[in-house]
Amino acid sequence: MSRIADTFEALQARGRKALIPYVTAGFPFADITPALMHGMVEAGADVIELGVPFSDPMADGPVIQKAGEKALQLGIGLAEVLEMVRVFRQRNSATPVVLMGYANPVERYEQQRGPGSFARDCAACGVDGVLVVDYPPEECEQFGAELRGSGIDLIFLLAPTSTTERMQQVARVARGYVYYVSLKGVTGSGALKTEEVAAMLPRIREHVKIPVGVGFGIRDAQTARAIASTADAVVMGSRIIELIEDQPHERVVGVTIDFLRQIRKALDA
Ligand SMILES: O=P(O)(O)OC[C@@H](O)[C@@H](O)c1c[nH]c2ccccc12
């Protein structure tokens, strides 16, 4: 079984919900990411979503866009991100890591290193899941097969606008968990309505039999808890990026731990 499936199964057995923090790799400092990931685990993260910096991230709001630009300036590309996961894995063999990104860096990586190199290198570095925002399920047959062959889960998004057909299609191909985007908009939005999410989840679960995580606009413990009453996982990104963007190097990990501990406490209460 995959590390992601194991994680959700263990949580479900204890009646707990998954906390999935997102951070852009190489932000706010090129060398901080493995330590930040360990800190997230220490604070109670169950899965880590690691963003691959990209210059044209259409689903990202201003906060995550800026983080991506900074990381790109620091020279962080897909090869560097994979290396960070490899370093993280030297001291953590349990926590799933999901790469979150866009098709262009993946395609460039494969142009340079050959077909199939992305899945192979993800597996070699200890990546468990991949979410490529602009790869819809109908365009992912080959890519999905390569990832499956390397034991990596391909994760897909559903959104408030998703039709029943789209839910069925995603249900057929998605592995690990399905990521429900809570609202029409970009990451970091302030327009999250927990009742709307709560109303949508049973519709998704009619089709999707793997865990459903929810992200976009979850900024505090109270909201995380409300979302977790219907979802299997909560994803939080922009708020973490905001908290660390102006911190000096030595404070980044501590600030993140303090924040995530509050969220963990609320989820477990
Ligand atoms: O930032 P928010 O509103 O807390 O939402 C999480 C989100 O940032 C993270 O999962 C993410 C970053 N980039 C993405 C692109 C598409 C979907 C999701 C994402």
Residues of segment 143-191 being of a type in the set (F, W, Y) and under 22 Å from D220 (Cα atoms), in sequence order, are Y179, Y180
In a helix (DSSP H, G or I), modelled with pLDDT of 95 or more and out of contact with any Lys or Arg (no Cβ under 9 Å at 6 or more places or on another chain), is that true of I64?
yes
Find the residue count for segment 211-239, including only residues that are more than 9 Å from the ligand (Cβ to nearest atom), assigned to a loop (DSSP other than H, G, I, E, B) and within 22 Å of G129 (Cα to Cα).
3
What are the pairs, 6+ residues apart or on separate chains, where a residue within segment 221-238 that is without any contact (Cβ under 8 Å) to a residue 60 or more places away in the chain and more than 18 Å from M40 (Cα to Cα) has its Cβ under 6 Å from a residue that is near the ligand (Cβ under 10 Å from one of its atoms) and outside any loop (DSSP other than H, G, I, E, B)?
I227/V214; I227/V234
Tally up the residues in segment 172-207 that are away from the ligand (no atom under 16 Å from the Cβ), within 18 Å of the chain's Cα centre (by Cα) and either part of a loop (DSSP other than H, G, I, E, B) or at pLDDT 95 or above (or both), please.
1
Please verify whether R251 is surrounded by 16 or more Cβ atoms within 10 Å (Cβ to Cβ), basic (K, R) and either more than 13 Å from the ligand (Cβ to nearest atom) or assigned to a helix (DSSP H, G or I) (or both), treating the condition exactly as stated.
no
Filter segment 174-200 down to the residues that are polar (S, T, N, Q) and closer than 17 Å to V212 by Cβ and list them by number.
S182, T194
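A quick yes/no check of all residues on (1) of a type outside the set (A, V, I, L, M, F, W, C); (2) within 14 Å of the ligand (Cβ to nearest atom):
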| position | (1), (2) |
| --- | --- |
| M37 | no, no |
| D60 | yes, yes |
| A79 | no, no |
| E83 | yes, no |
| S93 | yes, no |
| G114 | yes, no |
Just to be sure, is E242 farther than 21 Å from E9 by Cβ, assigned to a helix (DSSP H, G or I) and away from the ligand (no atom under 15 Å from the Cβ)?
no
Of the residues in segment 133-153 that are of a type outside the set (D, E), within 16 Å of the ligand (Cβ to nearest atom) and in a loop (DSSP other than H, G, I, E, B), the one that is nearest to G185 (Cα to Cα) is V133
Among the candidates I32, I76, single out the residue that is touching a Pro at 6+ places or on another chain (Cβ under 9 Å) and either surrounded by 19 or more Cβ atoms within 10 Å (Cβ to Cβ) or of a type in the set (V, I, T) (or both).
I76
Anything in segment 187-205 that is of a type outside the set (G, A, S) and either out of contact with any helix residue (DSSP H, G or I) (no Cβ under 8 Å at 6 or more places or on another chain) or on the phi > 0 side of the Ramachandran plot (or both)? List them, or say none.
K193, E195, E196, M200, L201, P202, R205
Considering only segment 64-81, I want to know if a residue exists there that is of a type in the set (K, R) and more than 22 Å from G39 (Cβ to Cβ).
no
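The values are calculated or read from the model by the stated rules, or taken from the named source; none is laboratory data. Bear in mind the structure is a predicted one, so any value in this text is a computation, not a measurement. Heads up, the Cβs are rebuilt from the backbone with ideal geometry, glycines too, and the neighbour counts pull from every protein chain shown.
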